[in-house]
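Down below is the structure, laid out as structure tokens.
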Amino acid sequence: RTGTQLEPLIYGGGQERGMRSGTENVAFAVGFAKALELAQAGRKAEAHRLEQLRNKLQDELTRAIPEIIVNGDQKHRLPHNLNITVPGLDGESAVLYLDNAGVQASTGSACSIGSDQPSHVLMALGCTPQEANASLRFTLGKDTTEADITEATQIIIKTLRHLT
């Protein structure tokens, strides 16, 4: 925030405008560059893998609960993210039930975490406040497996049927 005074963690030679003294961590910089290179090399394959898993989750959920609305553009979207609205659902209750059952979810979008207001992202997509509050976001990652999706799908369906 403007005007906030920061105190240096290490005093000394005055590098980094007096906020961090000492020589640059060259080994860290080289390691970070290599990590970026490796991530970039596998990016397309990983995006495709996550897209397949996300589509499986989406297909199974919408097959089991046809009233589910998938939020966002169906073609131009992130491969690791599924955001759904379940009419009549209390999203916060669903998150608690799912968490207790071992499935991590969030209401709304990542931009609205910690807010008691409906997600401005979902509102911009045309959701009503009620629809935004009845939404769940599932995010997949590099450790997500097909077995995880199968298990999570069963838990999510059971939870949604229980709560709606």
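With the chain treated as a Gaussian network of Cα nodes joined by springs under 10 Å, which of GLY102, GLY12, GLY42 yields the largest mean-square fluctuation? Top of the fluctuation ranking is GLY12.
How many percent of the accessible area of the stretch 1-127 is carbon or sulfur, using a 1.4 Å probe? Show your work: numbers first, answer last.
Working: 5040 of 8860 Å².
Ligands and nucleic acids excluded, carbon and sulfur reach 57 percent.
Sorting ARG17, ARG63, ARG49 by accessible area puts them as ARG17, ARG63, ARG49; the probe is 1.4 Å, largest comes first, and only protein heavy atoms count. Using 0.36 nm per residue and subtracting the Cα-Cα separation, the extra length available between ALA47 and ARG63 on full extension is 3.4 nm. Compactness of the stretch 2-110 was expressed as the Cα radius of gyration divided by 2.2 N^0.38 Å, which yields 1.71. What the stretch 63-164 shows is 58 Å² of accessible area per residue, with the surface traced by a 1.4 Å probe over protein heavy atoms. Charge tally for THR159 (other residues, Cβ to Cβ under 12 Å; Lys, Arg +1; Asp, Glu -1): 0. Of ILE65, ILE149, ILE84, which is the most mobile in a GNM of the chain whose springs link Cα atoms less than 10 angstrom apart? It is ILE65. On the beta carbon distance between PHE28 and GLN5, with R0 = 22 Å, the FRET formula returns roughly 0.20. Give the shape of the stretch 123-164 as rounded, prolate or oblate, defined through the alpha-carbon gyration tensor: a ≥ b ≥ c are the square roots of its eigenvalues, a/c under 1.5 means rounded, and otherwise the shape is prolate if a/b is larger than b/c and oblate if not. Note, shape of the stretch 123-164 comes out oblate. In the elastic network of the chain, a GNM with C-alpha springs shorter than 10 Å, the most mobile of GLN52, GLN117, GLN104 is GLN117.
The values are calculated or read from the model by the stated rules, or taken from the named source; none is laboratory data. Fair warning: this is a prediction, and the values are worked out from it, not measured in the lab. FYI the Cβ positions are ideal-geometry reconstructions off the backbone, even for glycines, and counts take in every protein chain you see. Side chains included, ligands, DNA and RNA excluded: accessible areas come from the protein's heavy atoms. Shrake-Rupley method; radii C 1.70, N 1.55, O 1.52, S 1.80 Å.
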